[in-house]
1. Show which aspartates and glutamates lie in cross-link reach of residue B:120 when reach means a straight Cα distance below 17 angstrom and same-chain residues fewer than eight apart are skipped.
2. Distances over 53 Å make up what percent of all Cα-Cα pairs in the protein assembly as shown?
3. State the Cα centre-to-centre distance between region B:156-196 and region B:111-143 in whole Å.
4. Can you list the residues, at least 5 places off or on another chain, whose amide H is less than 5 Å from the amide H of residue C:60, using H built in the peptide plane?
5. From the phi of every residue in region D:67-81, what ³J(HN,Hα) in whole Hz does the Karplus formula 6.51 cos²θ - 1.76 cosθ + 1.60 yield, where θ is phi - 60° and glycine or proline is x?
6. List D:151, B:413 from most exposed to least, where exposure is judged by having the fewest other Cβ atoms within 10 Å.
7. What number, in nm² with one decimal, is the all-direction average of the projected area of the convex hull of the alpha-carbon atoms of region B:505-611?
8. HN-Hα J couplings of region D:137-144 from phi, Karplus 6.51/-1.76/1.60, θ = phi - 60°, integer Hz, Gly and Pro as x?
Amino acid sequence: MSKKERAVAKRKKKWDGISNFFRANSIWMLMYCTGCCAIELPQAMTSKYDMERLGMGPMATPRQADVILVTGYLSVKTLRRVIYAYEQMGEPKYLVAFGPCTINGGIYYDAHPVIKSLDQYLPIDVYIAGCMPKPEAVMNGFQDLIDMIKRKEANGWRKYQENKEWYRENQIHALGELRIKDEFHE
Amino acid sequence: MGISIGVGTIIVGLLISAVLAYVLTKINKTTGAWVTVLAPFLALAAVFLLRDSIGTTYSLFFLEFELTEYGWFFSMIMLLVFACVSFFNVYWMKKMVHPAAYNMLYLLALTGTLGAFMAKDFIGLFIFWEMIVWSSMFIIPFGKSRKASVVYYAFSALGSLAMLYGIFYLYNAFGSFNIQEVLKLAATDTTAALVAFITIGIAGMVKLGVFPFHLWLPRAHGNAPDTFSPILSGGLVKAGGFAVFLIAVVMPSYEAFATQLQFMGVSITSYIFILFGAVSIVVGTLMAIKQDDFKKLIAYSSVANAGYIIIGLAMTDALSVGGAFMHIFAHALASAAAFLAVAAVSHRTGTTKMSELGGLIHRMPLTYLVYLIAIISMAGIPPMAGFISKWMLFQSMIDNGMVFVATAAFFGSIGSFLYVFRPLSAVFLGQLSPKHYKVKKAPVLMMIPMIILSGLTVLFGIFPNIVLRIVSRIQTSVGMEGLQFDGTKIIGSNGSLDPTLIVVIFGIGFMIALVIFLLHPKSRKVELMDTYTASEFIYTPELLHYSHSFYAPFERLYKNAPDTSKWYKAILKKVSEIGGFVSYAFFSSKPRIVVFWIVIAMVALLWGGSV
Amino acid sequence: MITIIISILIALGILVFAFLWQTTLSGITRKIVGRYQKRYGPRFYQNFRDIFKALSKRGITHGWVYSFGVIMAVGGIMATVMFLPLFGIVPFPGVDNFFIYVYLFAVGMLGMAMSAVGSGNPLAGIGVMRALTQMVGYEVPFMIVVLAMIYGHGTSSLSELAAIQQTSGFLSWNLVKMPIGTIVGFICLLGMLGKKPFETFIAPAEIASGPMVEYGGKQLGMLMIMHELATFIEISLFVNLFLGGATPIVFGETTVLVGLSSVVGFLLKYSIVYIVSALISNALGRFKIDQVIKYFYKVPIVLAIIQALIVVFLGWGV
Amino acid sequence: MNNIIKEFVDNVTAKFELMGVDYPADLQVSLDFDQRDIHNALAYIKGAGWTQMSLLTCVDWIADNEFQLVFILFNWKNGVRLQVRTRIDRDKPVFTTITNIYPGAQYYERDVHEFFGVEFEGNPDSYKQLFLENWDDIPPLRKDFDAIAYSDRKYPARKYKANFSTEAGESK
């Protein structure tokens, strides 16, 4: 590690110390509703469980968001877009994965277009189990994320920065090329 | 005894340099163009030095000139615009069809404006007025369209004839051509004043491009050579303001029409003029919002701004006339700068269509800043000069309680945000089209005049009193109440304005924002195409650029509004029908018609003989 | 010189108060809206957390105009706030006239629009287009009503307009004197605040929050500060113009008590206006942009002209 | 209604060499044609009122070493649905395009080409990728495509320290 890098790391650490209080209590979500788990989010957001009291709210674009919710199975086609969205987010950023499909492929373990485990391609901070996870589980997962941010354990984005080559290699292995270019993308 | 510089010397000098420019351009194009740069600068310096000798009369052959306060003010604006724009001539020589003629006419137009502003009598005014019309009429077809010139000439002829009628009427009534004298006499005679007001007023309105005479303006401005559009918009159009100023303030109209029905604090005749101004604000704004051509958009905005000028002049109170003068000055600077920015863009990219451009800020940042300052001034946002004039005009509108006129003015003022933002967004911001990747910065010589104009706009936005004190002197010289000042403050009738303080406070706000910005983590620089697309991969910048029919939802609401050009087309059809009949009846070579006329003539003769 | 420095310090004080007050009130309103929707809602200081979190994030930039526009936006809005009179304290007496607020406010808006379109996202361009189009809608009726008011009272100074309304209690408020104008003013206020049904330019589900689409990190944080300050300007304008400004709610001999109660009176009116507009916003859907323009040029502008004609020709409400 | 269907089937039988007719349900008829006749037949059927092409898909009969192309056509006048079917050789899956009869078949042909590898002569666009981006194996819906092997090769599975999964019926 060169001197400059160390200085950068030190500055980052200092900033994190000041900012983690705010970050933990103000989490804006980008909901990447890929699968069936997304149906559990409305309950968690509205009057029954009221996500806003944790300071969480939905956002329109990845630029504004702090956490990306991957709710369910990912086909390779979707994975490309998720990676793109994740890389567009500002740092620090967190990723919450829902359901077994993101863990080991779930019921799609043998499907040709569906990936098996998301953590090969993107760093995951919190898994929420259940097929589909109940709103209680969702809320519990978010509470875990908040605690992790407070304890400075939600370091997925840093891991992604540090092991970028490893992640990139895995992504290329599964996707062929990261950004697709065909007649639909002109 | 040294060479004394007088108005006559300047005019003769400009005429000689016009001929010189023609001859030199025939030999070498660039040298000829430099003559058009030098001559206005020398004239500018000369007129500036004449500041102390205001009130002196000069004579040149049979023409009499008098340097008045307002003549000097108008001449300075005009020379400033001509001097700044002339730098662009150097670059346009290769693109012109007749560079020599262009250079000569360019200087002749300048001579015409100076002569008109300084003429002592109406004959001089008319001669030089025609000189402006003719020289600019021949320049306009050097651009894109010949037809534009015809439209321009048709309207100008109307204005000139109206003016000529007015001049002869006044001569008939008072036996003099002297402007000051005749106008003062006319103020005592309501009928003469009314005739003068309407005829010379029409001439001024045509030149200003006020509704319903606004049609020539976008055509001429849009199609004139890129170097001449700033002259038209920033300079020549303002000559119309001069004509309106003569009859509204020098006369002055509030004395002449004191016996008329008073409405909203002004006479009914003035109010009708004000209403035309209000309509042209609305029409100009709505049409400007619709345009796709960068130049036409600014041309229509000139129509709207002409509305403010005529409203200010026709209201004839201290604030409004001061506002109108400030507006003439601010708009001359701003629209010249905006047109020069267009010219720079057109020079580098070869188009002025907004839907074909985009993202030029990454290639021409200084041109962008020039345009930004120009539009801030045009939209009347502080801290630019345009804000001061709008504030003054609004003050007097509110004082007079002119609800409908103010509605139009407010609409035009807010609407101007729409149309000035569109080129900013579509031409300079947004995605850079691949065909413009290799566009270079504007050349240094083009930057000089643009920066001068922008600098003046900012300077007079912060310290408007420099100009307003001159305006105040003009007002006292024509027997009006002058503007009031208190340090950097301008005292209005229901509040005062301190532009310098506004700039200081804005500076403080900006510094606080800058500190907040710098205290926080540095941002990561990303490509322009790395933008939110709902995670879809898009590779064509043109498709990611929002510039085509920008205000579509708003345009839809008035797309069926009546179009003035249709009325004129109907009139044109009728005129050509009558003309056709006349030529059929009187100039036909068909034997039976000739025989018919011979018979009629003989009958008439015989009849006459028998009586 | 000293007086100018003192004035600037007062203005900075007003700026800080405006930010703290409006951000707190936004949080409280979020809580109230939460209760309105049978939720708990966030803490009342949630907006502070959001702003500082956004500031501490590492965002992106699309070039110098993207950042410069944000600084210009925040600077312009801060300058506007610094001109505002608050509780009868006028930082720059004599020059606080209404047009400064309208046009200095536009500097901030222009900066934001410039920066948003400078990001190169077409959705931002569409958002700005809608914001400007909507501005043509609400600004004109509002200015006509204020024209009538300035014509009637003979001053365009905001503090003097407020002071005139404090002469004889509730009955001298413009709410009572110009009821039609007040209605127009409130509708236009909803348009200015971008509350539903006039939320066209944000429209998160439609154009991905419009001008804000590319912002993240400190630029977003600064725009949130700007948003809070802009809300403060708009609501204070409304309260000062129509609701009598800082009117005391306790009358008596003690100057201190009356002064304090006038502070409370101002803040109370301010809160009521803001919360009511937030509740209206949460009960309604969104207009399309051409519906917004049609609406503003059908109802409020006609009412505004009627109000202006009443004031100018009949002399009522002066 | 049955008369109409019967009449239509009779007409088709008179004109073309039918390999088989079936009535799977009410208002549904399935017609099997030889590969040579199919284009003429489709043109005739379209002329007879079946103007909408609802679906073009493919069935892999791996035991017969044949692909079966299925065209589902719909008639808006009488609501009768036709399944027009034909078989082509699996080793050389080439078929002439029907986009000149039913232009809507464009995307279905790309779909079938992508998932089964059937080539449509005369439709150059059918080679462009549609759903699968950068596919690098034999077409995935062929019966001889091993999805599990592909999935295992392409997408690394999670490694567990203990074996949590048990086969059905197996006791722990």
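1. Excluding near neighbours in sequence, the set is B:64, B:66, B:69, B:130, B:181.
2. Everything past 53 Å amounts to 39 percent.
3. Between the Cα centre of region B:156-196 and that of region B:111-143, the gap is 19 Å.
4. Counting only residues 5 or more places away or on other chains, the set is B:524, C:216.
5. After applying 6.51 cos²θ - 1.76 cosθ + 1.60, I find 9, 10, 8, 10, 10, 9, 10, 10, 10, 7, 6, 10, x, 8, 9 Hz.
6. D:151, B:413
7. If I average the Cα hull's projected area over directions, I get 21.3 nm².
8. 9, 5, x, x, 9, 6, 5, 7
None of the figures in this text is laboratory data; all of them are computed from the coordinates on show. The shown structure was predicted, so the numbers you read here are calculated from the model rather than taken from an experiment. Note that we place each Cβ from the backbone using ideal geometry, even for glycine, and neighbour counts take in every protein chain shown.
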